[in-house]
Amino acid sequence: LGLLNKSNEELILALQYAQKINLKNNRQHAISVIYSNRANYFMKSATAQDSVFDNIKKSLAEAEKISETDNSFLSRKYSLISYSYIMLANEYSKSGNQQLASNYYLKALEIHNTKPTPLVERVVLLSELGYFYNEQKQYDKAVKHAELGVILEKKASFPQLRRDLFETLSKSYLELHKTEDSKKYLSLFTALNDSISNIDKKAVDIALS
């Protein structure tokens, strides 16, 4: 709705109440989510990057306090930790520190390879890695991660993610001079992108009718 300042006011209020939650895991999880959302708020409001990093690190610290004796919180804990790493990677990439960005992306990937996390979040990460390595002109790595993302996405079915993976593969294969593979994924990207656009247009038409 464009009410960024209002959203921050609500997050500050939410933090006050979250700190009163008695059950430790519930408290740490809630606080971590709030700090993560505040980091996103600062990203969108074009605030100094220090505020973004500060809230990401606070979110990460709270997530790491979640006890692993309660299996019901395991996936939520590592989902938050991985997401914090991805946000750090994105911010370091924006500031030009590609080595640190790569390190944090790979730390997130290690979480997904060794801990219980939602499948869709792993696909998101693989899509991010594909895009990142394509931008860094490391096309073999881009293809490796995007191809794995395509395989895993079939188990979850998220068309927007599949479209992004197809685009990365088309661009990376083109740079690797694998023209047929590039054409294959460009065709898949174009067809899926048109389909998604048509669905979005129909949704808007229905909303406005």
| Pick from Ser82, Ser182, Ser157: which residue has the top mean-square fluctuation in a GNM of the chain where Cα pairs under 10 Å get a spring? | Ser157
| Which of the trypsin sites (Lys or Arg not before Pro) across region 132-166 are loop residues per DSSP, with 12 or fewer other Cβ within 10 Å? | Lys137, Lys154, Lys155
| message | Taking 37 °C and 0.692 mPa s as the conditions, I'd like the Stokes-Einstein D for region 80-174 in µm²/s, using the Kirkwood hydrodynamic radius from alpha carbon pairs. | response | 251
| query | Over the heavy atoms of Glu128, what accessible area does a 1.4 Å probe trace out, to the nearest 10 Å²? | reply | 60
| query | Which of the lysines could a cross-linker span from Lys155 if the Cα-Cα distance has to be under 28 Å and same-chain partners fewer than 8 positions apart are dropped? | reply | Lys77, Lys107, Lys115, Lys141, Lys144, Lys171, Lys178, Lys183, Lys184, Lys201, Lys202
| Could you give the angle, 0 to 90 degrees to the nearest 10, between helix 179-208's Cα long axis and the longest principal axis of the Cα atoms of the chain? | 60
| task | Would you mind pulling out the separation of the Cα centroids of region 1-39 and region 135-152, in Å? | result | 35
| Between the helical axis of 74-94 and the dominant principal axis of the chain, each derived from Cα atoms, what acute angle in degrees is found, rounded to the nearest 10? | 70
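The values are calculated or read from the model by the stated rules, or taken from the named source; none is laboratory data. For clarity, every value in this text was computed on a predicted model and none was experimentally measured. Note that we place each Cβ from the backbone using ideal geometry, even for glycine, and neighbour counts take in every protein chain shown. In case anyone asks, the SASA skips ligands and DNA or RNA and just uses the protein heavy atoms, side chains included. Shrake-Rupley method; radii C 1.70, N 1.55, O 1.52, S 1.80 Å.
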